[in-house]
Ligand code: PMV
């Protein structure tokens, strides 16, 4: 049998880094997806743009861990992705969840979506050393989610306006940035805790604004979050250049998304129909490109992990 599953990448509206310290975060699945095709085989192989290997923790750590942790028979896994790697868009979580989803169907493992997200989170933690449940929860469930670590994850009203991502095309190591923030937290616990508490408040107020569809105010809070992420040392001149270019072109708000350092910014942009007044996705995307980034116009996605085909 052969099974194909796909799972989405994500953007953070609020709460990256603070979520590692138990604070609330809001993230949304986007229309960029990773596909995993699995079939039972005489030997285990993993194929991606990085080449074809067996179980190999250097080339394919996440997929190797998925196969070993489910203890499935020999299998071939092929990964295809439209999500740029190491850019804060959840490429590893999407690959993990798509692979677990496909293995789940192929070998009739009967895991429900809560288990899938849970196993996926454990795999991300094993490979990276630390990881919040955000990426795997959003990639499994889809939509826009409020993640309250260790307490609950719940679906919010889906973000309905356009989303423009600005990729610095500079590699971002989540592990390294989380480590740098940890050192700052050890050195200045009161300062860092009060910043994380403020970010937690942004997620709380952001939840109410998203439910109302008040994206102008959500954008205001995103700008505040960008400043706080800069304050904890995960910003860069290029990230800020792209964020300001997006804002100047009329975005409601723009901020770092994900671990920072390099990677991407995310801008919320008024949707189709209001372009006449400027500030639409095309204008924001050109401003990001002109500022030296690579713009990707996308939308929030209702779909989490989905089985594409089984035969
Ligand atoms: O860069 P990403 O997409 O891996 O996001 C990292 C977000 C952090 O909060 C910094 C870490 C985490 O595991 O949530």
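The values are calculated or read from the model by the stated rules, or taken from the named source; none is laboratory data. Since we're looking at a predicted model, the values are computed, not measured. Cβ: placed from backbone, ideal geometry, glycine included. Neighbour counts: every protein chain shown.
It is to be established whether one or more residues within segment 181-188 are assigned to a helix (DSSP H, G or I), in the same structural domain as residue 267 (by TED's automatic domain parsing) and more than 16 Å from the ligand (Cβ to nearest atom).
So in segment 181-188, the residues assigned to a helix (DSSP H, G or I) come out as 181-187.
With in the same structural domain as residue 267 (by TED's automatic domain parsing) added as a condition, the list becomes 181-187.
Add one more test, that the residue is more than 16 Å from the ligand (Cβ to nearest atom), and what stays is 186-187.
Yes, segment 181-188 contains a residue that is assigned to a helix (DSSP H, G or I), in the same structural domain as residue 267 (by TED's automatic domain parsing) and more than 16 Å from the ligand (Cβ to nearest atom).
Sort through 271, 250, 263, 219 and tell me the only one that's touching a helix residue (DSSP H, G or I) at 6+ places or on another chain (Cβ under 9 Å), in contact (Cβ under 8 Å) with a residue 24 or more places away in the chain and within 16 Å of the ligand (Cβ to nearest atom). Before the answer, list the steps.
On the way: 271 fails: within 16 Å of the ligand (Cβ to nearest atom); 250 fails: within 16 Å of the ligand (Cβ to nearest atom); 219 fails: within 16 Å of the ligand (Cβ to nearest atom).
Answer to the check: 263.
Test of understanding: among 159, 163, 205, which residue is within 22 Å of residue 136 (Cα to Cα) and more than 16 Å from the ligand (Cβ to nearest atom)? Working first, answer last.
Details: 163 fails: more than 16 Å from the ligand (Cβ to nearest atom); 205 fails: within 22 Å of residue 136 (Cα to Cα).
Of the residues listed, the single one that is within 22 Å of residue 136 (Cα to Cα) and more than 16 Å from the ligand (Cβ to nearest atom) is 159.
Condition first: under 17 Å from residue 152 (Cβ atoms) and either more than 11 Å from the ligand (Cβ to nearest atom) or outside any helix (DSSP H, G or I) (or both). Now tell me which residues in segment 121-141 satisfy that. Working first, answer last.
Residues of segment 121-141 under 17 Å from residue 152 (Cβ atoms): 121, 132-138, 140-141.
132, 133, 140, 141, listed by residue number.
Of all residues in segment 84-98 being more than 10 Å from the ligand (Cβ to nearest atom) and in a loop (DSSP other than H, G, I, E, B), which is surrounded by the fewest Cβ atoms within 10 Å (Cβ to Cβ)?
Filtering segment 84-98 for residues that are more than 10 Å from the ligand (Cβ to nearest atom) and in a loop (DSSP other than H, G, I, E, B), the one surrounded by the fewest Cβ atoms within 10 Å (Cβ to Cβ) comes out as 85.
Using the structure shown, decide if residue 49 is more than 18 Å from residue 131 (Cβ to Cβ) and within 12 Å of the ligand (Cβ to nearest atom).
no
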